[in-house]
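These notes concern the structure reproduced below.
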Amino acid sequence: MCGLPMAMTNPPDLTINRAPASEGTDLDYPLAPRWYALYTRSRFEKKMLSELTDRRIEVFLPMREVLSRWKDRKKRIWIPLFPGYIFVNHVDTPENRFRILNISGAVRFVGFEGHANPVPEEQILSVRKFLEASIAADPYPYVQVGTHVEVIAGPLKGIRGILVEKRGRFRFVIQVDLIRQAVSVEIDASDVRPV
């Protein structure tokens, strides 16, 4: 199944209002809800959206419309912008984490050393604003300078190297070591992935 990015028109409902938070008694936990990225099982994002919505938990599942091609037909479908992730807005307490992680399809909250790290509100608002602008959305790999990358499309497919520079909005320059020589090539961002 091959997907081509399409402009977002009439995206499905991605959020709901959550029930009012109950009063907390433990001062060690912040009382204000914050956004957290929840890692899900593969292709469970929409199921998690439904399950969390049924439990009156505010969620955000950014989606994009693609044209999916099969042998006999083409169809426009909605798929997650960030496969494997859904954003949950809740007060981070052990009880709330347990309630969410107990849902079939939930894997873990994204964080470090076993602690969930909140996603800044500005980043959630930026993604929402981007999607509401009905601009064609196509995810790109998150790659930093110095990262080992592999070319995944085009005539250089399969070549590995090091990202040495980011030029412009969607252009990369990678360095590939061939016969103890360095070669730099400008390549589209969508054609590389971190290794």
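None of the figures in this text is laboratory data; all of them are computed from the coordinates on show. These numbers were taken from a predicted model, which means no experiment stands behind them. Every residue, glycine among them, receives a Cβ derived from its backbone with ideal geometry; neighbour counts consider all protein chains shown.
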- [ ] With θ set to phi - 60°, apply the Karplus curve 6.51 cos²θ - 1.76 cosθ + 1.60 along segment 76-93 and write out the HN-Hα couplings as whole Hz, x wherever there is a Gly or Pro.
- [x] 8, 9, 9, 10, x, 5, 10, x, x, 10, 9, 9, 10, 9, 7, 7, 7, 10
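Which chymotrypsin sites (Phe, Trp or Tyr not before Pro) from segment 51-131 combine a DSSP loop assignment with at most 13 other Cβ atoms within 10 Å? Can you show the working numbers first?
Working: sites: F60, W70, W78, Y85, F87, F98, F109, F112, F130; in loops: W70.
When the chymotrypsin sites (Phe, Trp or Tyr not before Pro) of segment 51-131 are filtered for loop state and at most 13 Cβ neighbours within 10 Å, W70 remain.
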Task: Surrounding net charge for V145, when Lys and Arg each add one and Asp and Glu each subtract one, Cβ distance under 10 Å - done: 0
Open item on the list: Test of understanding: ordering K46, K75, K166 by Cβ neighbours within 10 Å, fewest first, what list do you get?
Closed with: K75, K166, K46
